[in-house]
Amino acid sequence: MDTIHIHGGQRLSGRIPISGAKNAALTLLPCALLTDEELILGNLPRLADVDTFGHLLNQLGVTTSVAGARGNEFGRRMTLSAARITSTVAPYDIVRKMRASILVLGPLLARSGEATVSLPGGCAIGTRPVDLHLKALEALGAEIEMTAGYVKARAPDGGLTGGQISFPIVSVGATENALMAAVLAKGRSEIVNAAREPEIVDLCRLLVAMGASIEGIGTDHLVIEGRDRLHGARYDVMPDRIEAGSYACAAAITGGEIDLMGAKAAEMPAILHALRDAGVAVTEHDRGIRVAADGRLKPLTLSTAPHPAFPTDMQAQFMAMLCLGDGASLLTETIFENRYMHVPELVRMGADVEITGRSAVVRGVDQLVGAPVMATDLRASMSLVLAGLAARGETVVSRVYHLDRGYERLEEKLSAVGAAIERRSDG
Ligand code: EPZ
C-alpha cells in the first residue's frame, strides 16, 4: 500500500493548476444515460472515483472512450454514448466502492422506466441515508421498493410525470437525482429547498446544453419543464473549488504564496471570506486566485452549512490550518455527524483540539511535529497532508487511496511549489 512522506517546514510558492471538480464530474457523467446521442465531457479529473463511475456506466451499456491529456497536462476528455441501455442494475460491488453510484437512479428511471441500485450504506463520515432521493422520485410517480439491500424503482406506464418536490433539508445528491429525472418527466416539476452548490449549477448548465428546460438555476427553487428526449452535447467540467480551497490552505499553513490557476472566486465565496478573516491575502486575477500568507493566522469561528455558506468539505483542511493559529478557534460541523476522524491524528502531531458534540475547539500551538498518521476519509487525509507540510520533521500518511479519490496528482502539484513530498509504494 502506498504511503506519502512529507518533510515539513518549506514555504510553498508558485502555481498550481486546478483540476476539474470531482463532485461535478460525478453528477455530469450519469447524464449520458439521458440521451441516445454522444455526450463529450472535457476537463474531467483523473481520479479513482471517475474511473469507477466509468466502469459503472459500462456495466449499464454505455460506451466510453477517453482522450488523455497531452504531456503533463491535467484532466482528460471522455466520449460517452448510451445509444442502448443493456442493464438497469447498479451492483453492490461497485456501489460499495463509491456511494455516488446512487446518481444513476434518477437518469436510469427517467430513460428506461426502471432501475435497481444497491443501497450505498453508511460511510466514515456519517450514516448518509438516501430517503430524500427516493421521496423525490416518488413525487415524480415512481414506485419504489427495497429488497435485499437494493432499491427497485419503476416508473408508471408512459414514464415519470412532473411533480412537486420539497426537501425538508438541503441535499446535494437528492437534488441532483431529482433534476436528472425531472428533465425527462412529462410536464412541469418544481424543486423547493434545492441545493445551490456550484456543482448543481454545473449540472443544470449541462442539462440545458442537452436541451432541457430549467428555471431558477443557482437558486433554491428550480422549475423544470420535462422533455420527450434530450440530445448530445460537449461540455467542460467546472474547476474544483474544494481542491482550490485545499491548496489555499497549503499556502496559508506554510506562510507561502500560491496561484490557483483556473480557480473561480465566485464559486468559493465562503472559503475566501474565511481565509481573509484569518489574515490571508486573497487576490482574484483573470487566470485564477492568488493566496499569500505571512505571520500567524488569526483564529476563526466557523460553522459548516449548505452553499453559499462554509462547506463541510473544507472543515478538516481549515482545522489543520487553525492548529497553528494565534489563539482559539471554534468549528461546528452541522452536515455530517462523524466528520472529526482527523482530530486524533492531528493531536498525534501535537495539535490541541477538543471535541464537544458537533463542535471542536482548536487552540493554536506554536509547532506541529511530524508523525506516522492514518487517513480515514478524503478530506481528513488532506488535513493530515497540510499538517505535515507545516510540521517539524517527517510525517508519513498511510491509506492514501482516500486521497486518490479526490486529488489529482497531489504530490506532483505540491512538489512543483516547493514541498518536500513523495509517494512510496510499500509493495
Ligand atoms: C455531496 O454528498 C458531496 N459528494 C459531499 O462531498 C459533500 O460533503 C456533501 O454533498 C455536502 O456538501 C458528492 O457530490 C459526490 P447531501 P451528498 O445529500 O450528496 C443528509 C467530498 O468530500 N441526507 O447533501 O451525499 C445526509 O446524511 C464529499 O467530496 C439525508 O438525510 O450529501 C447529510 O447529513 C463528502 N437523506 C446531509 O443530508 C438523504 O436522502 C447532506 O447530505 C440525503 C442526504
Normalised Cα Rg of the chain, dividing by 2.2 N^0.38 Å with N its residue count, works out at 0.98
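I need the fraction of alpha carbon pairs in segment 199-278 separated by more than 21 Å, rounded to a whole percent. Working shown, then result.
Values: 1436 of 3160 pairs.
When every Cα pair of segment 199-278 is considered, 45 percent fall beyond 21 Å.
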At q = 0.22 Å⁻¹, the log10 of I(q)/I(0) for segment 117-177 from a Debye sum over equal Cα scatterers comes to -0.97
When the charge dipole of the chain is computed with +1 on Lys and Arg Cβ and -1 on Asp and Glu Cβ about the Cα centre, the Cα farthest towards its positive end, among HIS307, VAL400, THR116, belongs to VAL400
Longest principal axis of the chain (C-alpha) makes with the long axis of helix 241-253 (C-alpha) an angle, in degrees to the nearest 10, of 0 degrees
Here the residues of segment 114-147 lying in the modelled label zone of HIS221, meaning backbone nitrogen under 17 Å from a point 7 Å along Cα-to-Cβ, are none
Rounded to the nearest 10 degrees, the helix 378-390 long axis (Cα) sits at an angle to the longest Cα principal axis of the chain of 20 degrees
Under 15 Å by backbone N from the virtual spin label 7 Å along Cα-to-Cβ at ASP131, the residues of segment 173-212 are 174
Once amide hydrogens are built 1.01 Å from N within the peptide plane, the residues lying 5 or more places from MET238 or on another chain with amide H under 5 Å from its amide H are ALA21
Expressed as a percent, the portion of alpha-carbon pairs in segment 349-427 spaced more than 18 Å apart is 46 percent
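Please report the net charge: other residues with Cβ closer than 15 Å to the Cβ of GLY325, K and R +1, D and E -1.
Overall, the nearby charge balance is -2.
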Note: ARG96 to ASP352 extended length (0.36 nm per residue) minus current alpha-carbon separation gives 88.7 nm
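Rounded to the nearest 0.05, what FRET efficiency do VAL365 and ARG423 give with R0 = 35 Å and r taken as the Cβ-Cβ distance? Could you check? Before the final figure, lay out the partial values.
Details: r = 28 Å, r/R0 = 0.79.
Rounded to the nearest 0.05, the efficiency is 0.80.
By the scheme Lys and Arg +1, Asp and Glu -1, what is the net charge of all other residues having a beta-carbon under 13 Å from that of MET238?
Working: positive: LYS22, ARG205, ARG241, LYS264; negative: GLU197, GLU199, ASP202, ASP236, ASP240, GLU243, GLU267.
Spelling it out: positives minus negatives among the neighbours equals -3.
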Listing THR283, THR254 by rising number of other beta-carbon atoms within 10 angstrom, fewest first, gives THR283, THR254
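Beyond 22 Å between alpha-carbons counts as too far, so tell me which of LYS22/LYS135; LYS97/LYS152; LYS22/LYS413; LYS97/LYS186 fall in that bin. Don't skip to the answer; put the middle values down first.
On the way: LYS22/LYS135 26 Å; LYS97/LYS152 20 Å; LYS22/LYS413 17 Å; LYS97/LYS186 34 Å.
LYS22/LYS135; LYS97/LYS186, as the Cα separations exceed 22 Å there.
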Note on segment 1-143: alpha-carbon gyration tensor, axes a ≥ b ≥ c; rule is a/c under 1.5 for rounded, else prolate if a/b larger than b/c, else oblate; result oblate
For the pair ALA309 and CYS123, the simple spin-label estimate (label points 7 Å beyond Cα toward Cβ) gives in nm 2.1 nm
At the level of C-alpha centres, the distance separating segment 52-119 and segment 348-410, in angstrom, is 32 Å
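How much of the pair distance distribution for segment 207-348 lies past 24 Å, counting alpha-carbon pairs only, in percent? Provide the component values of the computation, followed by the final result.
Values: 4181 of 10011 pairs.
The answer is 42 percent, as a whole percent.
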Once Lys and Arg are counted +1 and Asp and Glu -1 for all other residues with Cβ under 13 Å from that of ASN338, the total becomes +1
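Every read-out reported here was derived from the displayed coordinates using simple, explicitly stated rules and does not represent laboratory data. If you're wondering where the values come from, they're calculated on a predicted model, not measured in any experiment. Glycine also receives a Cβ, built like all others from the backbone with ideal geometry; neighbour counts cover every protein chain displayed.
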